[in-house]
């Protein structure tokens, strides 16, 4: 069953005085099945971020629709949208977006507190997640006291604690060194095996090679996609790299 | 902002890299100018403050140096006060401008770091900063002095009204005052420049570039400081609330002020954190959507802003106290004159010979006749004023070996009392009537020296006007059966009214109001006084007129009010500036947090309302605390005002409440205005 369906998404930005129109997304359609792990790749300016913002309900498309669990999120009222996001989506960002004023634990609790959950409930939910992510010992620390990899794992915990339908990750490895990157990708693989649906935007080939499917976006359109199927990570890596070369040299669309 | 900075960067890089010899001096001069323009959001308020301070300094200097003021009666008093005012304004100018400048530097550290990385050495940066200071100095001196000259005429007019001057103050431009202003502010700018250079010198470029982005540590809990704050504030409040004696109130006022200031700073910095941490400790309370965000947010804000907020609080309290007190004193001038002069004109003379009364009344008649005026509401009686010691019910002379509190007793005859009070009281030979203005006696017997008297009645009120200083020492009125009773008293009580020789002369008091202008009253007083001095009575008494004293009363109270308004204005300017800068720095800090919260799943409205409530708390806390300080200070200041002859507590309460209301309205206005700058930054 498709958990996320994107139909003919189009987004046009108009510069302030209405002079230039920039077409960030031309016509994007794809769907994500429950339990999938999808990476979206593309160069800077290809429309990745715009797409993610629309999926996250942070931005509205010019036309087209986004169905999450069959519900059109572009039609949700402004009032309900935050609660909708809290309950259905988990976010992981490149720059972590942890609040300096909270300990890691409180940062992870933030979405639950906003949803009005009791403290006992929060503790109950945190325990297995913290164990899985290996952050149990640093929960009392503040973001400025821990490493980038630890921060990102706390951010993943924050994304998972609401049991979201879909985790959206925006360049999650962008600010991490190679060891921390490897660790985080392993974590993503594990939580995906546990059944979590993940949609990740990246332009790191290494990160994308961990996904089960990779979508390539160029000039605001889905240009190509690769299924991992039975490939090993290294084979997948090679295939992605080749595709990117074709993309960059302006190859024709193929399926 | 960032685009402007990038442009600046390109420009700076372009110029530095160009091989052709650009006139480097001009380059720094130009860059300095550009910097001021680019940082106008923080620079303009700074320049305005400088300008305003220069203006006020010049005005008060030129007023203090005004020649025509010296010629006026009471002018010297005013000049002394204004001279004091120049010092106070000077000192505050130094503090304010130093504070503001250090804020400017903090905001600009990143920019300095950028220049440094682009290849400007620290001495080049120094040159740029030097030029900036030069521009700022010249601009604020020129604008400040120009507006000073312009507004001094207006202030002179105001001064004439407030001080009730009869002559017109000559408008003049005083070069000396300008010179002093130039020197004072030159020194201030130099100190600020040196401080900036020191900051640039101490830091390394990567640190400069990172600027404020270093992870903010959670504030420590400082129990000791919080307790100290609570203790000092409590002590200050207690002192102010329970004090009764005006002399003590005056003496302890500054002690209380210092205690409250210490308490304010400690509680704002440490106390607030302690309370927030306690809130956080309670899991049930803390993990609620609205508490969660605000408690942690407030902790961070208090760490950043506590000192600034405490300063706003102290300054606001200062403004409120100064203005309410001086306004009360000024508006109450007539009342204090009335206390000192119960009637427009009074004659006070020892009743040494028969016919004193008639002689004086005849003199008054004679002087008043040409004016066709009559004595209005005349008040006449005889009294004896005695100072000595009191211990319980025993009154004894100074220096006879007994101890006890000093006290004042005024004796009146039954005849005078009955006439004044409109009663028909009778007394036996050893009976007296007692009226206690301040003090305490018990039982029914009084010992006056060797003699004892029975108190026939303790009077609830007394038909004489209240005396200003009467409430400062124990003071009693004693009504005795007849004039000669004092003869037997004299021996036991020793010296009458501090005379070398024991005398038992009564003092005759004759006073009356006049329905004439002040000028005519002064003429009458002069004539009467002349006649009186020339007569045989002249040696034993004097004639006093309220009209003659009025101008010196107004010179004093008006001078104080004038100074109060000036200082109040200065403090207000400081308060506004601190609020504005706080809003800006809060805005930059909040912008990032605002965006993160949005991404993590708070709606725009939730974020806005949470931030709004925090910002409101932060900015209204000082006002609330200031209000609280005022409430506690009220009793103390009221007592001090007693010494100035102001007994009308209701009136003082009105002045205080009025000042507080106007100030609060102004504060809200300033908050509203500066909040716009804040919202512009975060959205």
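The values are calculated or read from the model by the stated rules, or taken from the named source; none is laboratory data. Model, not experiment: these values are computed from the prediction. Here the Cβ positions follow ideal geometry from the backbone for every residue, glycine too, while neighbour counts run over all protein chains shown.
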Handout entry: Any chance residue B:383 is in the same structural domain as residue B:516 (by TED's automatic domain parsing) and under 30 Å from residue B:554 (Cα atoms)
Key = no
Handout entry: Restricting region B:649-664 to residues that are in contact (Cβ under 8 Å) with a residue 24 or more places away in the chain and surrounded by fewer than 17 Cβ atoms within 10 Å (Cβ to Cβ), the residue that is farthest from residue B:321 (Cα to Cα)
Key = B:651
Exercise for the section: Keeping to region A:85-119, report how many residues are without any contact (Cβ under 8 Å) to a residue 40 or more places away in the chain and either under 18 Å from residue B:296 (Cβ atoms) or more than 9 Å from chain B (Cβ to nearest Cβ) (or both). Expected result: 9
Practice task
Inspect all residues belonging to region B:615-631 and state whether any of them is buried (at least 20 other Cβ atoms within 10 Å of the Cβ) and farther than 30 Å from residue B:238 by Cα.
Solution key: yes
Practice task
Please indicate, with yes or no, whether at least one residue in region A:166-178 is over 28 Å from residue A:54 (Cα atoms) and modelled with pLDDT under 90.
Solution key: yes
Practice task
Please indicate, with yes or no, whether at least one residue in region A:38-59 is within 14 Å of chain B (Cβ to nearest Cβ), in contact with a helix residue (DSSP H, G or I) (Cβ under 6 Å, 6 or more places away or on another chain), in a helix (DSSP H, G or I) and within 28 Å of residue A:178 (Cβ to Cβ).
Solution key: no
Handout entry: Top-ranked residue of region B:185-230 - restricted to ones that are farther than 30 Å from residue A:145 by Cα and either within 14 Å of another protein chain (Cβ to nearest Cβ) or buried (at least 19 other Cβ atoms within 10 Å of the Cβ) (or both), ranked as modelled with the lowest pLDDT
Key = B:196
Practice task
Among the residues of region B:597-636, write down those that are part of a helix (DSSP H, G or I) and facing another protein chain (nearest Cβ under 10 Å).
Solution key: B:597, B:598, B:599, B:600, B:604, B:605, B:606, B:607
Practice task
Could you tell me whether residue B:277 is surrounded by fewer than 21 Cβ atoms within 10 Å (Cβ to Cβ), within 14 Å of chain A (Cβ to nearest Cβ) and more than 30 Å from residue B:96 (Cα to Cα)?
Solution key: yes
Practice task
For residue B:301, state whether it is touching a residue at least 24 places away in the same chain (Cβ under 8 Å), within 14 Å of another protein chain (Cβ to nearest Cβ), in contact with a helix residue (DSSP H, G or I) (Cβ under 7 Å, 6 or more places away or on another chain) and closer than 19 Å to residue B:220 by Cβ.
Solution key: yes
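Rundown of residues vs (1) within 11 Å of another protein chain (Cβ to nearest Cβ); (2) closer than 30 Å to residue B:602 by Cα; (3) surrounded by fewer than 22 Cβ atoms within 10 Å (Cβ to Cβ), yes/no style:
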| site | (1), (2), (3) |
| --- | --- |
| B:232 | no, no, yes |
| B:250 | no, no, yes |
| B:266 | no, no, no |
| B:288 | yes, yes, yes |
| B:291 | yes, yes, yes |
Completion exercise
Of the listed residues (B:435, B:453, B:417), the one being crowded, with 16+ Cβ neighbours inside 10 Å and farther than 16 Å from residue B:482 by Cα is B:435
